[in-house]
Each structure stands twice: as C-alpha cells, then as structure tokens.
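K.L.:
Encoded as structure tokens, here's the structure I'll be asking about.
Just so it is clear, none of the values below were taken in a lab; they were calculated from the coordinates. As the structure is a computational prediction, the values presented were derived from the model and not from experiment. Positions of Cβ are generated from backbone atoms using ideal geometry, with glycine treated the same way; all protein chains shown enter the neighbour counts.
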C-alpha cells in the first residue's frame, strides 16, 4: 500500500507542477489514493474510534447502542446458523469432495481475501459466488442467495477468519481497475425515489440517526457479514443487505450477485483494507 | 436434527451461572405473512431448568418474549460436569428438552 | 435456519417491517386456544391488558415501590423486537420476578419463579410495540415490590 501512496503523491505533485486541470485517469495509484482519503476521512471524523473497531458498524460510533449489542453478544442469535454452517461445511458432496477442496487453506481463515478479481474470467468473485461455483463444479445445486444455508456457510467461514484484516487486491489488469471504478461509481451515484447514494448515508451521515437507526460508517461496513438482524429476525448475507438497502431507497433491487453488486462489494472491501473480519455479526 | 436449545452453564465456586438460547419463532398471532394471512400464535409458554432433579428456574413466557429467546440466571450450587436439564413447552404442545453439562 | 424464514421475501421494506412490529402486539385476543396451557403457565395473567389486572391475576395483591430492585433497560431501544432487560434485587427471600410492559396490548411479558437457592437476578430479551414503561415486579418474603423505567422505541429507518 505504501508504494501506491507514494505513487499517488507523485502524480499529485506532477499535476500541480504542470498546473494541469484534468483529473488523473483511474490507475492503481489513484485507487490507493482513494483508499487513503476514504480511511482518513473516517479516522478524522471519529478520532476516538480505534481503527479495528470500524468492523463493528454502528456500534463503533454509538455508546448506548453498543451496550445493547454487548448484551446480545453474550449469547448471539446467530449461534444456530454458525453451527449449521460448520456442519454443512464438513459434509461431503455426493462425489465425496467437500467445500474445503475448493478453497485455499481448506476454506479456513480466508474470508478477508474476498472478493477477489479473477484474471481468468475477468470478473469479481465474492465468497458467496465461490461457494455456489464450488457446489456446481461438484455436481450440486447452487444455494439460494441472501439467507438460509448460504448465510450459515458464510457465517462459519467468516468466524474462522475473525481478526484477520481485509486484504483486497486490485491486480495490474485494466479489467480489475474497471470493476473497482464501477463499484466506486455505484457507491457515489444517487438512485431511487429518495435519490440517495450509498455514500449519502454511510459516508456523509455516518453515525447520525436515520429515524430510529444509527447509520453505520462505510469503512468496515461489510466486515461483520453475514448478520442476524433483529429487524429480519433471521440471518442475511451481503446480498440481502444490498437488495434491502436498494429497496429502502425505493429503487429496484438488482438480482443477488449481479455484477454491479459484486463490483460494489469489491470497492467497499478494498476501501476497508486493514479492518478486521468480525463476522458473523448482529445488527438492529 | 440439531437441538433447539443451547446452554452455557458455568460453575464458579458457590454458584452456577446459566445462559440459554432457544430457537423458536415466538409468533404472537397478530403478524401477517407475505400473502396477508395471519401467522397463528406460536410461542413458548414455559421453560424449566432442573439441576440434580431440583427445579432451579421456571420461566413463564408470553408472546412479548423476543424471537429465539434468551435467558440468563444463576443458582447456588452446581459443579463442573453436573447435568442441567432444560425443557420448554409451547402453546401448540410442542416441546424439546436438552441435558447440558455444567462447565 | 427456521423454515419460516423462507416465507419472507429477503428485501424487507421499512414500512412493512414497521407495520409488522406494530401488528406484532397490536390487538388483544388469541386466534384460538383449543388446547390447555402448559402446566403451571399463568394463562389468566398473560391475557390481561392493564398493569393492575395483570398484577392482580398473578399475585392477588398490589406492589409497593422499592429502591432495592435494579432494572436495567436501554433508554432508547435499538430495535423494539429485541430489547435487553435485566432485573436484580437486594431484597431477601425473592421468590418471583415478573416483567410488565404496559405499552404492549398484553401487559405481562414474562414471569419467573425462583426456588430457594436461585439468585434474584434475571436477564432476558423482550418485544416492545412502542415507547413504554417497563415494570419489574419482585415478590420477596411474601410481599410484592416494583420499580419501573421508560424505554423509547422508535421506528427503524435502515438498520444501520
């Protein structure tokens, strides 16, 4: 990262020297500079919040809510899903292979590396997508996204990765950079009848109240997934949160794992590099 | 099938602290499903905790207890390895029981 | 996961969720109670819609305010569907702890019987339909004591 920051500074200096107005074209260096600016913004707005604590969403920035969360975490309601996911993960497919055969390190402690850019297929691959591709490669039907067993499996895989910081890489491939830029654009674009961008709430108004809820900072916002939400009364994956968020802005949600959502997850996770995985989590 | 009951019971000298989580919808009977039909009431009414054949807590619950209910309490006595029997009964007559070991 | 989860569309609109929470505790009266209640379950007390009637049905006596009861509740609930509540007491010979939520149409939320040797301290999670007092009732030495605190319940916007 440091190397990228240096490069970004160089570009900035070069731009100033030349007195040139045009913004530098998207590059690995500009992505790294985006990340630094993104993280610095949250650090300076919430100076009392330790960086790793951004893994805890709204609880990082609101003490009374944090107290309720701590009480719920004494015996979190995702425990049943966690057990279910652990059992399912170990269960062999009909062909005798297991999920562990599909992933580096047998699928243990790898959540922080997702999503990644796949140079072969030229697309962003999330953990959820990788799980279903693993199933299909082994002759099994894909799981339904958003809730149920997909949430249980990702809960278990996240739990084995707790404390490991997000480590998302943008390879030196114009398609990877394009995916990152598409995710960034999605994040900052206003949509829906309410005309809100993701950033309107989760950057501009992070920590403030939206009716009864405290808005989570975008930094580290995906670290706790999948989550048990009191509002749902059940588990939900990142897809469930993206689609429900889209609907709340009164825009038409995209299908789960739509490339636009995957690119968004890529952008958000890359912005959160360094924030530790805390999932599975609980949220209001 | 996995048990609907999870228990953490910890003996710390004179007392044993118990926490339990039960997987149950706790439907109040006033909630409609996505097709507009009322989901019939379905909630736990009683939970019994027994240590060494003796009742240590009787919980009586109405529909205002949250989904996937949680309970925390403590009693005098109890030693590591002792069985703690947890039994719930709901308004439909369904029941589940688990014998947990005090840790 | 519980199979019922499949009946709910994953994208939950705020308004629907809010309506559901209100509906959750919105009207008194069960749809049908063909079978007998679980043994020992105080059915009459759980039917009551006022604080006084619920206390009367449970204990047949009235409660005196006591500062020897500690009731811990959030000032603002993060979600009315899951409100952490804990009650403890320094009174001697506590035999029962009950929790009432007068803002819910059915007032009595939970009632615990504590045999001798069980410590006078209970933690649980309750649903609250709206902003309301939460009342902790403690039966000790054959007498009834109470304390109460208000919990604000607001409708969610997004869930953070």
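K.L.:
Once you average over the residues of A:257-265, how many Cβ atoms of partner chains fall within 10 Å of each Cβ? Walk me through the numbers before you get to the answer.
P.N.:
Working: counts 0, 0, 0, 0, 0, 0, 0, 0, 0.
Mean number of neighbouring Cβ atoms from other chains: 0.
K.L.:
Continuing with this model, one more query. What ranking, highest mean first, results for peptides A:252-259, C:101-108, B:42-49 when packing means the other Cβ atoms within 10 Å averaged over each residue?
P.N.:
In decreasing order of mean packing, A:252-259, C:101-108, B:42-49 become C:101-108, B:42-49, A:252-259.
K.L.:
Which FRET efficiency value, to the nearest 0.05, do you get for residue B:2 and residue A:195 by plugging their Cβ-Cβ distance into 1/(1 + (r/R0)^6) with R0 = 45 Å? Please list the in-between numbers first.
P.N.:
On the way: r = 45 Å, r/R0 = 1.01.
In this case the efficiency is close to 0.50.
K.L.:
Using alpha carbon coordinates only, what is the Rg to Rh ratio of the range C:46-85, with Rh defined as the Kirkwood radius?
P.N.:
We get a ratio of 1.07 for the range C:46-85.
K.L.:
Between residue A:144 and residue A:45, what is the label-to-label distance in nm when each label sits 7 Å out along the Cα-to-Cβ direction?
P.N.:
About 3.6 nm separates the two model spin labels.
K.L.:
Quickly estimate the mean residue ellipticity at 222 nm for the protein assembly as shown, helices only: each DSSP H run with n ≥ 4 gives -39500 (n - 2.57), and the total goes over all residues, rounded to 500. Before the final figure, lay out each step's value.
P.N.:
Working: 12 runs with 144 residues, N = 547.
Helix-only estimate at 222 nm: -8000 deg cm²/dmol.
K.L.:
Counting only C-alpha contacts under 8 Å and six or more residues apart, can you give the relative contact order of chain A as a whole percent?
P.N.:
Details: 477 pairs, mean separation 72.0, N = 284.
Value for chain A: 25 percent.
K.L.:
Based on the Kirkwood radius over alpha-carbon pairs, what is the Stokes-Einstein translational diffusion coefficient of the range A:38-156 at 37 °C with 0.692 mPa s viscosity, in µm²/s? Walk me through the intermediate numbers first.
P.N.:
Working: Rh = 16.8 Å.
Rounded to a whole number, D works out at 195 µm²/s.
K.L.:
Could you give the distance between the Cα centres of the range C:50-114 and the range A:101-168, to the whole Å?
P.N.:
45
K.L.:
Using Cβ contacts closer than 10 Å as the measure, can you line up A:54, A:166 from fewest to most? Present the calculation step by step, with values, prior to reporting the outcome.
P.N.:
Values: A:54 27, A:166 23.
Fewest to most other Cβ atoms nearby, the residues stand as A:166, A:54.
K.L.:
When ranked by the protection proxy of mean other Cβ atoms within 10 Å per residue, highest first, what sequence do the peptides A:218-228, A:57-67, A:196-206 form?
P.N.:
A:218-228, A:57-67, A:196-206
K.L.:
For labels at residue C:49 and residue A:88 in the simple 7 Å Cα→Cβ model, what's the distance in nm?
P.N.:
So the two model labels end up 4.3 nm from each other.
K.L.:
Taking the alpha carbon gyration tensor of the protein assembly as shown, what are the square roots of 5 times its eigenvalues, largest first, to the nearest whole Å? Could you put the intermediate results ahead of the total?
P.N.:
Numbers: eigenvalues 425, 126, 97 Å².
After diagonalising the Cα gyration tensor, the semi-axes are 46, 25, 22 Å.
K.L.:
On to the next question. Would you mind computing Rg(Cα) / (2.2 N^0.38 Å) for chain A, counting N as its residues? It would help to have the intermediate numbers written out before the result.
P.N.:
Numbers: Rg = 19.1 Å, N = 284, 2.2 N^0.38 = 18.8 Å.
With N residues counted in chain A, Rg over 2.2 N^0.38 Å equals 1.01.
K.L.:
Could you work out, residue by residue across A:61-67, how many beta carbons of other chains sit within 10 Å of that residue's beta carbon, and then give the average as an integer?
P.N.:
On the way: counts 1, 3, 0, 5, 6, 1, 5.
If you average over the peptide's residues, the count of other-chain Cβ atoms is 3.
K.L.:
Quick one: give the max-minus-min coordinate of the C-alpha atoms of chain B along each principal axis, largest first, in Å.
P.N.:
Principal extents (largest minus smallest coordinate, Cα): 53, 26, 19 Å.
K.L.:
Also, I was wondering about something else. To the nearest whole number, what is the average tally of beta carbon atoms from other chains within 10 Å of the beta carbons of peptide A:70-81? Kindly include the intermediate steps, with their values, before the conclusion.
P.N.:
Values: counts 1, 11, 7, 0, 7, 12, 3, 9, 1, 5, 10, 2.
For peptide A:70-81, the averaged partner shielding equals 6.
K.L.:
Roughly how large, in nm² to one decimal, is the mean projection of the convex hull of the alpha-carbon atoms in the range A:147-284? Don't skip to the answer; put the middle values down first.
P.N.:
Numbers: hull surface 33.0 nm².
If I average the Cα hull's projected area over directions, I get 8.2 nm².
K.L.:
Now, a different point. Please list C:116-123, C:80-87, B:19-26 highest first by mean number of surrounding beta-carbon atoms within 10 Å per residue.
P.N.:
Numbers: C:116-123: 19.5, C:80-87: 24.8, B:19-26: 21.6.
Taking the mean over residues of other Cβ atoms within 10 Å, the ranking is C:80-87, B:19-26, C:116-123.
K.L.:
Using alpha-carbon positions, what is the distance between the centroids of the range B:59-103 and the range A:170-247, in Å?
P.N.:
When both Cα centres are located, 38 Å separates them.
K.L.:
Okay, next question. Over all distinct alpha-carbon pairs, what is the Kirkwood Rh of the range C:44-160 in angstrom? Display every interim value, and only then the final one.
P.N.:
Values: mean 1/r = 0.0696 Å⁻¹.
In the range C:44-160 this quantity evaluates to 14.4 Å.
K.L.:
Right, here's the next one. Multiplying the sequence separation of residue B:92 and residue B:80 by 0.36 nm and subtracting their Cα-Cα distance, what value in nm do you get?
P.N.:
Details: separation 12, 0.36 × 12 = 4.32 nm, distance 3.49 nm.
Length gained, residue B:92 through residue B:80: 0.8 nm.
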